[in-house]
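Inspection log for the structure reproduced underneath, given as structure tokens.
The values are calculated or read from the model by the stated rules, or taken from the named source; none is laboratory data. The structure displayed is predicted, hence computed values, not measured ones. We place every Cβ from the backbone using ideal geometry, glycine too, and count neighbours over all the protein chains shown.
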Amino acid sequence: MSEEGKKTHISEAIEKANTGQGICRKGWNGIRIVPTNSDKCCQIFNDHELLSYRWNPKKDDLIADDWTLA
């Protein structure tokens, strides 16, 4: 959940994120997703480097309400 206990869905987290800022879910331990409007799609980063392009979310990720800004 985001600050103040408010539930945040993925679309809300993306809207709040600045360009290049990532989003993540509770328990992802330093993994963050950086959505783009480019052919790079959603990039996956850890604390130090780009891990992959084109994140493929699970259904649970898309309906979760524990998204935060990374």
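Within the range 17-28, residues that are of a type in the set (Gly, Ala, Ser) sit with their Cβ atoms under 6 Å from residues that are assigned to a loop (DSSP other than H, G, I, E, B), at 6+ positions apart or across chains, in these pairs: Gly22/Ala70. Checking each residue in the range 16-56 for being farther than 15 Å from Ala70 by Cβ and either of a type in the set (Phe, Trp, Tyr) or in contact with a His (Cβ under 9 Å, 6 or more places away or on another chain) (or both) picks out only Tyr53. Quick check: is even one residue across the range 35-52 at pLDDT 90 or above and among the basic types (Lys, Arg)? Checked the range 35-52: no residue is at pLDDT 90 or above and among the basic types (Lys, Arg).
Scan the range 3-15 and give yes if some residue there is of a type in the set (S, T, N, Q), more than 16 Å from Ala64 (Cβ to Cβ) and out of contact with any Asp or Glu (no Cβ under 7 Å at 6 or more places or on another chain), otherwise no. Within the range 3-15, not a single residue is of a type in the set (S, T, N, Q), more than 16 Å from Ala64 (Cβ to Cβ) and out of contact with any Asp or Glu (no Cβ under 7 Å at 6 or more places or on another chain).
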